[in-house]
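Beneath this line is the structure, given in C-alpha cells, with notes to follow.
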C-alpha cells in the first residue's frame, strides 16, 4: 500500500478514536470526584484496534485538546485545571493503558488471530489494572486521602465491576471489528 495512503488511513483511525473518546465522556454517572463513563471502553478498544503507537497518539491528541480547553472530558468539560484535577490520573493513565493493551494484543495475536480470552486479559491488565493503579494513586494524592479500606472502597472498588464488564464487552467488540475490518487485526509488526 502506498505510504501516503497508509498515513491518511492511520490519521483517520486516530481522529475517529479521539472523537469517540470525547463523545463517550459526555454521558456520565456522577459518583464522587470520578464519574462513570464509557471512556474506559473506548480506551480498551483503541489499544486493541489501533495498537500501541496509534492508540497512544489518539490519547495524546485527546489530552492535548483537553489541556487546550476543548470540552472533551467527562460532562463536556476541559481545560488544564480539569486535566490536573482529581480525575487527571485516569486520563493520563490512558496513554500507558493503550500501549500495554496494544503490545499485549500484538504479542498474543498470531497470524492476525487472537482468542477472546487473550483480549479480555489484555483489557483487564492494561485497561483496568493500569488505569486504576495510576488513577487511584492520583486521586488519593490529589485529595490527600488516607489509605484506608473506606478510601479503597469509595475510590476504587466501586468502579471495578463496571470496568471489568467494559473489558469483556470491549474484547467482544474488538473481535467483531477484526472480522469486519481485517486491516485492524493484530499482526507481529504494526
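Tabulated results
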quantity: Residue in the stretch 115-133 that is outside any helix (DSSP H, G or I) and either at pLDDT below 90 or at positive phi (or both) present; calculated: no
quantity: Condition met for residue 43 (crowded, with 24+ Cβ neighbours inside 10 Å and either at positive phi or assigned to a helix (DSSP H, G or I) (or both)); calculated: yes
quantity: Any hit, the stretch 82-100, residues being assigned to a helix (DSSP H, G or I), within 17 Å of residue 25 (Cα to Cα), more than 17 Å from the chain's Cα centre (by Cα) and modelled with pLDDT under 95; calculated: yes
quantity: Candidates 34, 8, filtered to the one that is in a helix (DSSP H, G or I) and out of contact with any strand residue (DSSP E or B) (no Cβ under 8 Å at 6 or more places or on another chain); calculated: 8
quantity: Residues of the stretch 170-190 satisfying the condition of being surrounded by fewer than 16 Cβ atoms within 10 Å (Cβ to Cβ), in a helix (DSSP H, G or I) and modelled with pLDDT of 90 or more; calculated: 172, 176, 177, 179, 180
quantity: Failed condition for residue 93, given (1) within 14 Å of residue 40 (Cα to Cα); (2) in contact with a strand residue (DSSP E or B) (Cβ under 8 Å, 6 or more places away or on another chain); calculated: (2)
quantity: Residue list for the stretch 129-164, restricted to those being within 15 Å of the chain's Cα centre (by Cα), surrounded by 18 or more Cβ atoms within 10 Å (Cβ to Cβ) and touching a residue at least 60 places away in the same chain (Cβ under 8 Å); calculated: 131, 135, 159, 163
quantity: Any hit, the stretch 53-64, residues being surrounded by fewer than 19 Cβ atoms within 10 Å (Cβ to Cβ), over 15 Å from the mean Cα position of the chain (by Cα) and not in a helix (DSSP H, G or I); calculated: no
quantity: Tally, over the stretch 72-103, of residues that are in contact (Cβ under 8 Å) with a residue 40 or more places away in the chain and either crowded, with 20+ Cβ neighbours inside 10 Å or at negative phi (or both); calculated: 19
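The values are calculated or read from the model by the stated rules, or taken from the named source; none is laboratory data. No experiment lies behind these values; they were computed from the predicted model shown. Note that we place each Cβ from the backbone using ideal geometry, even for glycine, and neighbour counts take in every protein chain shown.
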